[in-house]
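Below: the structure, in structure tokens.
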Amino acid sequence: MRRTITITQLTLSIFLSLLFFSACNTDNGVDPAPAPAPDTFVVVLSKVIFAGSDTIRYQYNAQKLLVKARYSAERTPTANRYYREYAYDGIGRLTKSHFKLINGNELSYLTYTYTNDRLTKISYYNRPQPQEEFKHEYDNVLEYNNQNRITKLITYHPELPITVHRYTEYTYDATGNVIKLMDYVNSESGPVNDYTVEYTYDTKYNPYQNAIQIGIGAEILSNNNILQQKESYPLSGQTKITTHTYTYNELGLPVKDTRKSDTTTLEVVNEYKYL
């Protein structure tokens, strides 16, 4: 999704329940005891490798919540490499994420606000230089439908708190996948659609689903994995199509995503582990 959002990449936790049942001996004519409560394992993303070199590694706490994502780009000087840290409230809701250089200098952070357990606002604060004060850059306010799906994201600047700067509208199919995003910028003559993207999907489980730490785009909100995205720029008439070809593991999770557009090919490798 093209916008000023810097809710950057990539985190998640995938909850898969693997059930194990005890064998019951009924030879004595006694009704078998109820099966024990199922054991639940958490499968989490442990590492992502982009184009064979750039890597993100994830760390989790005792509650199996993501607490750190470390980014390593081979072509980037060590001093400019960075990581993200995540903080949660007492019931496991993400409340803040920090963006820091490897030396610990914090460059920006996001705060997350909830209303009736729904994420309703994400606020972005930026500090271009370590010695400067943080500046409140913008707020992203979320609207939902009756199915608890995000239908609109509205961007406000703090100096104009009631004036919409930009907004995005989300359209879903019957299976819960985002099939279209439309971005609008407000102008003197009214809203102007300057970016649209349409999606198709596979039928496999999306491991990034509900991982708000990495944003609120189609790849996070949808139940399945994106097969094709068609981006359109109405003001210029340009379009761009990207296709995704996946390799899945025995659980049906995508372990390799080969992305091809008109001009580039990028391979993304996902590694998982049990907690």
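The values are calculated or read from the model by the stated rules, or taken from the named source; none is laboratory data. Just so it is clear, the model here is predicted, and its values are computed rather than measured. Glycine gets a Cβ as well: all are built from the backbone with ideal geometry, and neighbour counts include every protein chain shown. For accessibility, only protein heavy atoms count, side chains too; no ligands or nucleic acids. Shrake-Rupley method; radii C 1.70, N 1.55, O 1.52, S 1.80 Å.
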Could you name every one of the strands (runs of 3 or more DSSP E) located completely within region 139-257 that has at least 2 residues being over 22 Å from S46 (Cβ atoms), touching a strand residue (DSSP E or B) at 6+ places or on another chain (Cβ under 7 Å) and in contact (Cβ under 8 Å) with a residue 60 or more places away in the chain?
150-157, 160-172, 178-187, 190-201
Condition first: among the aromatic types (F, W, Y) and under 21 Å from the mean Cα position of the chain (by Cα). Can you find one or more residues in region 179-186 that meet it?
no
Filter result for E250 (within 18 Å of P207 (Cβ to Cβ), touching a Ser or Thr at 6+ places or on another chain (Cβ under 6 Å) and open to solvent by 70 Å² or more (accessible area, probe 1.4 Å))
no
I'm checking my understanding of the structure. Among residues of region 114-134 that are closer than 19 Å to R84 by Cα and modelled with pLDDT of 95 or more, which one is most open to solvent (accessible area, probe 1.4 Å)?
F134
For A69, which of the numbered conditions (1) touching a Phe, Trp or Tyr at 6+ places or on another chain (Cβ under 9 Å); (2) of a type in the set (G, A, S); (3) over 30 Å from Y167 (Cβ atoms) fails to hold?
(3)
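Which of the residues belonging to region 152-193 are charged (D, E, K, R) and over 25 Å from E219 (Cα atoms)?
From region 152-193, those charged (D, E, K, R) are 152, 159, 166, 169, 173, 180, 183, 188; that's our starting set.
Correct list: E159, E188.
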For residues that are surrounded by fewer than 16 Cβ atoms within 10 Å (Cβ to Cβ) and assigned to a strand (DSSP E or B), scanning just region 48-64, find the one that is farthest from the chain's Cα centre (by Cα).
D54
Residues in region 100-113: is at least one surrounded by 14 or more Cβ atoms within 10 Å (Cβ to Cβ) and within 22 Å of S222 (Cβ to Cβ)?
yes
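Of the residues R3, R70, which single one is assigned to a loop (DSSP other than H, G, I, E, B) and either modelled with pLDDT under 70 or not aromatic (F, W, Y) (or both)?
On the way: R70 fails: assigned to a loop (DSSP other than H, G, I, E, B).
Matching residue, one of R3, R70: R3.
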Of V178, V141, which residue is in contact with a helix residue (DSSP H, G or I) (Cβ under 7 Å, 6 or more places away or on another chain) and at pLDDT 95 or above?
V178
Check region 84-98 and report whether any residue there is open to solvent by 40 Å² or more (accessible area, probe 1.4 Å) and either within 23 Å of V269 (Cβ to Cβ) or modelled with pLDDT under 90 (or both).
no
Among (1) assigned to a strand (DSSP E or B); (2) open to solvent by 70 Å² or more (accessible area, probe 1.4 Å), T263 falls short only on (1)
